[in-house]
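Enquirer: Supplied in structure tokens, the structure appears directly below.
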Amino acid sequence: MDRCIVLVDAGYLLGAAASLLAGEPSRSRITVDHTALIQGLRERAESDTERPLLRIYWFDGAPDRVPQPEHRRLRVMPRVTVRLGALTRSDGRWAQKGVDAAMHAELTELARNRACSDIVLVTGDGDLLPGMMAAKEHGVAVHLWAVQAADGDYNQSEDLVAEADERRVLDRTWITKAVRAKDLGGVCAPQPAPRPEIAAILSAPLPESALGAAERSAEETEHAPAAAVENGRQERVPAPKGVPTPKDLAALRAPGVQPAPQPASATLRWSSDKGWVDRPAAEPPEVASMPTLAQLTTAEQRWADREEDITTVGGDPFEVGQVFARRWMERLGDQSHLQKLSAMYPRVPHRIDGELLRYAARFGLLAHKDDQIDEHDRYAIRAGFWREIDVRTAAEHAPAGE
């Protein structure tokens, strides 16, 4: 049939784009406008093949084959079908499993059934060579697209290039219409305003077990080279590792450790509830009466929330925390609960915190080894939650006219 189909190896496309724009193949270094990317692929395919598009197949890996936020957004787009392989972690690196096999099977099946006259392959993996050859034997024209490689690099199998009927290169200009490098010169999310109680906590003396590490870190920092200055911008130097963590603070009350005197205002109320905190046997009345988001949400709102999660909310932990807090505040009838919550900073009440983390788990933020959210992500989720609370409360207390 006189129509074209596009098969995209997302790992290749986005990894090569990251290498080109950010200098390394990590997809965490780029931001992707998937709507613009799909539209660009469609227009380019129809122009190159002179055939109308039947469908775009998006092949990618995901932990336990659970769709990630980008996959949920992609699969509701018109003319897009998402196929997921496994994403496994080995030696600290993620690797796709089954994606090449799925692409090979789809390629040969489409050609055998004469579903199209032209197939566009966006890949660099030589494992697809047999599938490409089989498609050609069934009378299908195979177009091979490459992403412009970073300087001194080559990112596509020479055998694929030799066997393809047509070849095109998606250059930097085309890529940057939908993909851009993240600015990692600073932190990934804005930091909450300084809180005096946190300053008091961080000024607390460390237990002896942590003091040695802090001194070594300080010594290393003292002998570290000065921060480099490039293009008028000073590069960030990693902070010394002597800053106490919740575990360090908890160790101050560990058996056999003599607790050091604390500032009178220092009370550890860490949001993870794993640090130095005396949790009451029962929740205080002001916490027990605080409604959860589920209690504030109607069936219609629940449907709309799910639609928003699928189509607009990304998987960034900080953003996830912000979205949850925004919904909770917008539906809160009694605003006194908001003031009570703000006074509990930085500890999120247990019942709301559990609901927040369960919501975040929908976005693939689980570390699948033990079905727990990564500690760094948990702090980012809560930081986003508190930032949204701070913005709301600050706006309510701003003087008129500001």
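The values are calculated or read from the model by the stated rules, or taken from the named source; none is laboratory data. Just so you know, these numbers come straight off a predicted model, no measurement behind them. Here Cβ is always computed from backbone atoms with ideal geometry, including for glycine, and neighbour counts include all displayed protein chains.
Enquirer: Report yes if G401 is under 22 Å from R306 (Cα atoms), modelled with pLDDT under 85 and in a loop (DSSP other than H, G, I, E, B), otherwise no.
Expert: no
Enquirer: From the set of residues in the range 287-309 that are modelled with pLDDT under 85 and surrounded by 15 or more Cβ atoms within 10 Å (Cβ to Cβ), which is nearest to R72 (Cα to Cα)?
Expert: Restricting to residues being modelled with pLDDT under 85 and surrounded by 15 or more Cβ atoms within 10 Å (Cβ to Cβ), the top hit is D309.
Enquirer: When residues of the range 49-90 are filtered for being under 15 Å from D9 (Cβ atoms) and of a type in the set (S, T, Y), how many remain?
Expert: Matching residues across the range 49-90 total 2.
Enquirer: Given the options A111, A135, A105, name the one that is surrounded by fewer than 16 Cβ atoms within 10 Å (Cβ to Cβ) and in the same structural domain as T31 (by TED's automatic domain parsing).
Expert: Matching residue, one of A111, A135, A105: A105.
Enquirer: Select from the range 107-155 the residues that are assigned to a loop (DSSP other than H, G, I, E, B), touching a strand residue (DSSP E or B) at 6+ places or on another chain (Cβ under 6 Å) and more than 14 Å from V8 (Cα to Cα) and write down the one among them that is modelled with the lowest pLDDT.
Expert: Step by step, filter the range 107-155, then rank; the result is Q148.
Enquirer: Another question, then. Could you list, in sequence order, the residues of the range 11-28 that are in contact with a Gly (Cβ under 8 Å, 6 or more places away or on another chain) and assigned to a helix (DSSP H, G or I)?
Expert: Within the range 11-28, G11, Y12, A16, R27 qualify.
Enquirer: Restricting to the range 37-85, count the residues that are touching a residue at least 60 places away in the same chain (Cβ under 8 Å), of a type in the set (K, R) and assigned to a helix (DSSP H, G or I).
Expert: Within the range 37-85, residues that are touching a residue at least 60 places away in the same chain (Cβ under 8 Å), of a type in the set (K, R) and assigned to a helix (DSSP H, G or I) number 3.
Enquirer: Condition test on V99, is it within 24 Å of V313 (Cα to Cα), of a type outside the set (D, E, K, R), in contact (Cβ under 8 Å) with a residue 24 or more places away in the chain and in the same structural domain as D127 (by TED's automatic domain parsing)?
Expert: Spelling it out, it is not the case that V99 is within 24 Å of V313 (Cα to Cα), of a type outside the set (D, E, K, R), in contact (Cβ under 8 Å) with a residue 24 or more places away in the chain and in the same structural domain as D127 (by TED's automatic domain parsing).
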